[in-house]
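Since the structure comes first, as structure tokens, the remarks are kept for the end.
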Amino acid sequence: MNNTESWKKYVPETVSLYHVDYRENLDKREDLQEQCIRNNNMERLYETVMECYAEQEAESLLKILGEIKEKMAEAGQTHYIFILSSYS
């Protein structure tokens, strides 16, 4: 058995579902849009959009780690739980 077989079955294969409230948009941010156009640089716009996702991504990660720890504890795989505890 390789080193990852015992914990891989507890980790979801893919997880990337995000929801941004429809009210979180750039309608009221004409200043930001104008600044990006004038500077010919979209970096600030990208940062603003990513801020909408960052908090939700962190919450989702902690929830997933909690579910993994719970499943591993139920299966008696407690030797990996201390590693996951440092992330949550």
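I'm trying to understand the selection: among the residues of segment 28-58, which are open to solvent by less than 100 Å² (accessible area, probe 1.4 Å) and assigned to a loop (DSSP other than H, G, I, E, B)? Residues satisfying the conditions are Arg29, Asn41, Met42.
Kindly indicate the residue of segment 2-25 that is modelled with pLDDT of 70 or more and either closer than 30 Å to Met72 by Cβ or in contact with a Leu (Cβ under 7 Å, 6 or more places away or on another chain) (or both) and also surrounded by the most Cβ atoms within 10 Å (Cβ to Cβ) among those meeting that condition. So the residue we want is Tyr10. Considering segment 59-88, and only residues there that are at pLDDT below 80 and either among the β-branched types (Val, Ile, Thr) or touching a Leu at 6+ places or on another chain (Cβ under 7 Å) (or both), the residue that is surrounded by the most Cβ atoms within 10 Å (Cβ to Cβ) turns out to be Leu84.
The values are calculated or read from the model by the stated rules, or taken from the named source; none is laboratory data. This one's a predicted model, so the numbers in the text were calculated from it and none came from an experiment. Neighbour counts run over all protein chains shown; Cβ positions are idealised from the backbone, glycine included. Surface accessibility is based on the protein's heavy atoms, side chains included, excluding ligands, DNA and RNA. Shrake-Rupley method; radii C 1.70, N 1.55, O 1.52, S 1.80 Å.
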